[in-house]
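For reference, the structure is listed below as structure tokens.
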Protein chains: 2
Amino acid sequence: MSYDRASVRAVLDRVKAEGRGSLNPAECRALCTAYGIAIPREAIAASARDAARMAAELGFPVVMKVVSPEILHKTDAGGVVVGVKSAAEAEAAYATIVRNANAYKPGVRLEGVQIQQMLSGGCEVLVGALTDPSFGKVVAFGLGGILVEVLKDVTFRLAPASETDALAMLDGIAAAEILRGVRGGAAVDRAALARIIVAVSNLAADFPEITELDLNPVFARADGATAADVRVLVDFASPKERYRPSQEEILRAMNRIMRPDAVAVIGASPEDGKIGNSVMKNLINGGYAGAIYPIHPKVPEVLGRRAYKSVKEVPGKIDVAVFAIPAPLVAGALKECGEKQIPGAVLIPSGFAETGNVELQEQIVAIARAYNVRLMGPNIYGFYYTHKNLCATFCTPYDLKGTAALSSQSGGVGMAIIGFSRSAKMGVSAIVGLGNKSDIDEDDLLTFFEQDPNTQVIAMHVEDLKDGRSFAEVARRVSAKKPVIVLKAGRTALGARAAQSHTAALAGNDRIYDDVLRQSGVVRAMSLGDMLEFARCLPLIPTPKGENVLIITGAGGSGVLLSDACVDNGLGLMAMPADLDAAFRKFIPPFGAAGNPVDITGGEPPTTYQNTIRLGLADERIHALILGYWHTIITPPMVFAKLAAEAVEEARARGIHKPIVASLVGDVEVEQACEYLFDRGIPAYAYTTEKPVAVLGAKYRWARAAGLL
Amino acid sequence: MSYDRASVRAVLDRVKAEGRGSLNPAECRALCTAYGIAIPREAIAASARDAARMAAELGFPVVMKVVSPEILHKTDAGGVVVGVKSAAEAEAAYATIVRNANAYKPGVRLEGVQIQQMLSGGCEVLVGALTDPSFGKVVAFGLGGILVEVLKDVTFRLAPASETDALAMLDGIAAAEILRGVRGGAAVDRAALARIIVAVSNLAADFPEITELDLNPVFARADGATAADVRVLVDFASPKERYRPSQEEILRAMNRIMRPDAVAVIGASPEDGKIGNSVMKNLINGGYAGAIYPIHPKVPEVLGRRAYKSVKEVPGKIDVAVFAIPAPLVAGALKECGEKQIPGAVLIPSGFAETGNVELQEQIVAIARAYNVRLMGPNIYGFYYTHKNLCATFCTPYDLKGTAALSSQSGGVGMAIIGFSRSAKMGVSAIVGLGNKSDIDEDDLLTFFEQDPNTQVIAMHVEDLKDGRSFAEVARRVSAKKPVIVLKAGRTALGARAAQSHTAALAGNDRIYDDVLRQSGVVRAMSLGDMLEFARCLPLIPTPKGENVLIITGAGGSGVLLSDACVDNGLGLMAMPADLDAAFRKFIPPFGAAGNPVDITGGEPPTTYQNTIRLGLADERIHALILGYWHTIITPPMVFAKLAAEAVEEARARGIHKPIVASLVGDVEVEQACEYLFDRGIPAYAYTTEKPVAVLGAKYRWARAAGLL
């Protein structure tokens, strides 16, 4: 589709020159025409005979409306006739309209009578574009009327949207089935609707001054779609440009900051209990092997390391400076970092925007920009990078190396990450506090983690995305390689209110967040617990090769609950081929149920679990396994755990890597069995059927979005 | 409203006599008239003048239709004219219809022309009744058209429904707002709609033979509601009567079974590893103080207790017999129990309906009925009643006394209950396996737990309700006194399929379950984890006295997530009165946020937590507290736990009992702090913001349903 941008530019220039904030109907039509959006055909008749001819050409029925600069309210003036069905009626309507207009205002100046194709039938939908404070231009689609108004059944995508996006939007509303034709109604022309969505999204994206654009209703028929009413709002104020270094620049700085060879601690203190002391201890005791430079105005050394009065006195290169000094002192020290060409400053201190001191924060950002120093924080706990044994934080140290990278905007959530990680023995590559996000934010981290060989999954707690568009672009690229999990806090009206009082961040419409995050391949966690479990498990679970999930369960009751959980998590239970069904039946008692779930029944010996799990792993048509274990004396928890782990190990040795998760019901011994399985890379949970399925579901969501399924 | 049952009976008798399965339009109208349901007014005209007069009386516009036994397809015969707007048009239409009919079939026998009020405008809704396999007659309400068809936006209640039920149904659909008037449309006449719902529900309930009843559409206007189209299906086969002892009979038996003074173990065995041996050990080692009678055909004693060949040989009274013998031997032993007048048999053995052996199960049920023995099971783990130190089961013993009673249909879920209870130190009153539910089911248990002084909350895992109606009736009564939590397995299409292969139970439409359970005051748990947490926490949380929930948090980030969770769980954050806001502000730093959440900010000393929690407990306008703790060096986890518990203890001493839950984020020490708080009756969770709010939400749901709020 080629769009006539020049025409639109001309229209908008005129609107700007006239100082208007919206377009008139003719201008709206011009925009539609320029972008190939079908609108009702129309013509202006100067006589009754004209009217009859034009109406016949347009096709009946038509609507006829008076055109006069002196008549604003056409209906009041008797200047509108709808449902004109024939040439004779058109002639009569012309006469009526002219007569009424003259009666309404004697001697009125008439420019003619507009003849417009009258639309009806098909399905009324809405296509629009709006400017989101975080994501910028987004395109919207929904069914018209009450479905949009009452049920808020609308879906969004970043603009411009691709044809694939547009087609997905047609399926993205709750009432999607209507578009496919119900009650004997014809299916709508999906290609035509998608073209309009794409065109609207391009129109909005091409012209930043278009802040809102509404096609409502669009009549979607079996053979096309026409926008019956169009509204366009504009704002010519130039939007604030956001600081955005190139991906290469980001990477150059982030690699030095996150994996530094030399760290300065500004405000390093020999005094117990001081933040600058905790940071030093964590660095040293954490086993960081790089250079550590304490910076202190007076003392000659801190914890046995030579101290310097300023970073400028340090002889060698410094990659990152951790700030442990009060807010008012930050600006001065930051300038020195700039002069020393340190690429990153980790600003632990609070007392900036979060306490209302926006000015101070803007001041340090200006310094950072001037010297090209990237800022982490302020108002953060610092960060961890385990593969360098780096605990650049005043919190408790954490050193279990793994492949999960986590970040949080809030310090409290950061502490939850550390506690959970330690308790669940979750290996991490990095934990990062983002706090006020005066500079470094989620997209900088994503850019770093994307190429960090030690990171396989990225989980982020987010209260607001200062530049959602940039995040979405980077996330779309990164999530194609590594799962990106996002817990968006403030997603509900109440939560958003709390978010505003907390970080003064403008929380966007959650539906926009939801749709755009999905469009970007992000796996959204709906709770803190889910975010942590997904981060823990996704690196453990191999990527599935297909959609066929099989449940093998000793407890029929668990099988039912596991099936429920599959539906909740968008997983499809494999329809069992007859031969496979027969193969499973060989291993289970006659009153067990094959099919899916495979119910091996309680009271079975270890061999039954073993045989069925092995078969589940071996058969190529099965792509993922969910195990339901039931604690019995015949097959105690640890016996089950060992045989399951062994079967998986054997399969791995033969090159079979299938996602496998387990739910264990039984007495407390199942907890130890779960731990045993987790230690061997099999997510296993006690007393719950929903958690293992949720983590498998998250892996599937990611794999689908990444195009791996 | 008085209903004319005699007229309906007469109509149905005629339909029955004629062997029909549905009612004709006149019969449908007769039913509506008898139950006061407005239908379009109509009359039969014998002449054009008649037609004009009648139409004027009915009110224009009208529809006119030929009436002739010889014309089935009226429209084909040109026998229908719609939109007749005046007396003149009515006369003309009469002539047209008669002319067309004669042209269609010369010499046709005409009985006249029907003149019917033509309905339009307002809101099209659906009111219906259907027969659910589990719940029997239920009444349905939804908006008409695509909202019902595509979005399944329908709500159900047991029939007959009260006016309160009916009004709640109007708010129970997603599109409820439409009924209140949107886009300038008028609100519908809610009383009139509710009257129709109540009438339909009564009609269905009064006449068992009415299996389906559809009023679709009903035109709901600002000044009334009229059913435009009515359809009634009937089935005169008499439904199978279900065995239903009176509540007194149930109670008499259940009290002896659940709190027995003497237990016989049929199949008691001296041999390690045998089920009959495990049961004996659990009874003895569990500390059961009543009489224990081992029944064994040969051995003289089991585990030091004198054994008897049959229950009939036992000298004393026996309250319950636990069966630990193979299925084929059950019938014989059960007869002896009957002869001994033992009121209950706990049937551990499997090999009945669950393995396809329906006949054997029916046989034992027949014996039980004949001798008035109530059966628990078969195919169960048995049951626990801790306040009698009774472990009548072959599973691991459990003895932590408490007030939560739990039941499960599946043995696996039963084991999860035991494991979770032990791990979480959940005190229970009883754990009961229901298995095949050949006789005793959830409503028998509810009837027992209702009056059991040791039980304060009842949690049930349910795969099917064999008699959902009876369950709903009992649950409605019991839930007004004690929370009833239900985990309904097989709630999704996939889950229901698994349920069928598992218990051959017919899983009902989940929306019906959802609505009827809510109507019955049941708190529905959507996952096994939730069911267990609700059972654990609901007895700990005092009943709230109002809807004002306040969040006090040290971590702003937790505050946002806790607010999100409040919305998810239907909790409303209190709008802070100015004086209360000022009172909180006195305790928190100037950059903290008062309002709700009260963000005391991190880094605050214990006194800040203490002061704000005390104020939250003391102020009568606050009805429930959610605490968000953030692990810091200044206020370590145990310090927080102790001060919070102390504040609650002080309040309790002053007679203040407010629900209070806590979310703790921090390093692993928060786990110990959570345990400390739990031990003191304060639900507290680590690394999650959603769990504490979910349990508080469950308590609120119950309190609202029980009419306590």
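None of the figures in this text is laboratory data; all of them are computed from the coordinates on show. Everything numeric here is computed off the predicted structure, so don't read it as measured data. Please note: Cβ atoms are built from the backbone with ideal geometry, for glycine as well, and neighbour counts cover all protein chains shown.
Using only the alpha-carbon atoms, how far is helix B:25-34 inclined from the longest principal axis of chain B? Give it as 0 to 90 degrees, nearest 10.
Rounded to the nearest ten degrees, it is 60.
Please work out the Cα center distance from region B:576-619 to region B:282-307, rounded to the nearest Å.
Centre-to-centre (Cα) distance: 61 Å.
With a ≥ b ≥ c taken as the square roots of the eigenvalues of the C-alpha gyration tensor of chain A, please select rounded if a/c is under 1.5 and otherwise prolate if a/b is larger than b/c or oblate if it is not?
oblate
Can you return the aspartates and glutamates within cross-link range of residue B:85? Criterion is Cα-Cα under 13 Å, with same-chain partners fewer than 8 residues away left out.
Counting by Cα, and skipping residues close in sequence, residue B:85 has these aspartates and glutamates nearby: B:57.
May I ask you to compute the full-extension gain from residue A:222 to residue A:243, defined as 0.36 nm times their residue separation minus their alpha-carbon distance, rounded to one decimal in nm?
2.9 nm
Give me the number: length gained by fully extending residue B:163 to residue B:182, i.e. 0.36 nm times residue separation minus the C-alpha to C-alpha distance, one decimal in nm.
4.4 nm
Calculated FRET efficiency, residue B:152 and residue A:99, Cβ-Cβ r, R0 35 Å, to nearest 0.05?
After rounding, the FRET efficiency stands at 0.10.
Return the distance in nm (one decimal) between the two label points of a simple spin-label model at residue A:271 and residue B:679, each offset 7 Å from Cα along Cα→Cβ.
3.7
Once each part is reduced to its C-alpha centroid, what is the distance from region A:77-128 to region A:673-709 in angstrom?
Here the answer is 63 Å between Cα centres.
Lysines within cross-link reach of residue B:240: Cα-Cα under 22 Å, excluding same-chain residues under 8 positions apart?
B:16, B:137, B:437, B:466
If you count the DSSP beta bridges with both ends in region B:549-705, what percent of them are antiparallel, to the nearest 5?
Beta bridges within region B:549-705, antiparallel portion: roughly 5 percent.
What does the extension gain come out to for residue B:5 and residue B:236, with contour length at 0.36 nm per residue minus their alpha carbon separation?
Using 0.36 nm per residue and subtracting the Cα-Cα distance, I get 81.5 nm.
If the cut-off is 19 Å between C-alpha atoms, which aspartates and glutamates fall inside it for residue B:388, apart from same-chain ones fewer than 8 positions away?
Counting by Cα, and skipping residues close in sequence, residue B:388 has these aspartates and glutamates nearby: B:261, B:319, B:399, B:450, B:452.
222 nm [θ] for chain B, helices only, -39500 (n - 2.57) per DSSP H run of 4+, per residue, to 500?
That calculation yields -12000 deg cm²/dmol at 222 nm.
For a Förster distance of 51 Å, can you work out the FRET efficiency between the beta-carbons of residue A:547 and residue B:56, rounded to the nearest 0.05?
The value I calculate is 0.20.
How far is helix B:87-104 tilted, in degrees, relative to the longest principal axis of the Cα atoms in chain B, given as a value from 0 to 90 rounded to the nearest 10?
So the inclination is approximately 90 degrees.
Compute the label-point distances linking residue B:679 to its equivalents in the other copies; points lie 7 Å from Cα along Cα→Cβ; give nm, one decimal, shortest first.
For residue B:679, the inter-copy label distances come out at 2.8 nm.
Could you work out how far the C-alpha centroid of region B:401-476 sits from that of region A:333-411, in angstrom?
53
If you count the DSSP beta bridges with both ends in the protein assembly as shown, what percent of them are antiparallel, to the nearest 5?
50
What are the distances, in nm and sorted shortest first, from the label point of residue A:634 to the label points of the same position in each other copy, with each label point placed 7 Å from Cα along the Cα-to-Cβ direction?
6.1
What is the distance, in nm, between label points placed 7 Å from the Cα along the Cα-to-Cβ direction at residue A:585 and at residue A:481?
5.0
Measure off 7 Å from each Cα along the Cα-to-Cβ vector at residue B:120 and residue B:401, then give the distance between these two points in nanometres to one decimal.
Modelled inter-label distance: 7.4 nm.
Of all beta bridges DSSP finds with both residues in chain B, what is the antiparallel percent, to the nearest 5?
If we restrict to bridges inside chain B, about 50 percent are antiparallel.
For region B:549-705, just say rounded, prolate or oblate: build the C-alpha gyration tensor, square-root its eigenvalues into a ≥ b ≥ c, call rounded for a/c under 1.5, and beyond that prolate if a/b exceeds b/c, oblate if not.
Rounded, because the longest to shortest axis ratio a/c is under 1.5.
For residue B:372, place a label point 7 Å out from Cα along the Cα→Cβ vector, do the same in each other copy, and report the separations in nm, one decimal, smallest first.
Those label-point separations list as 9.6 nm.
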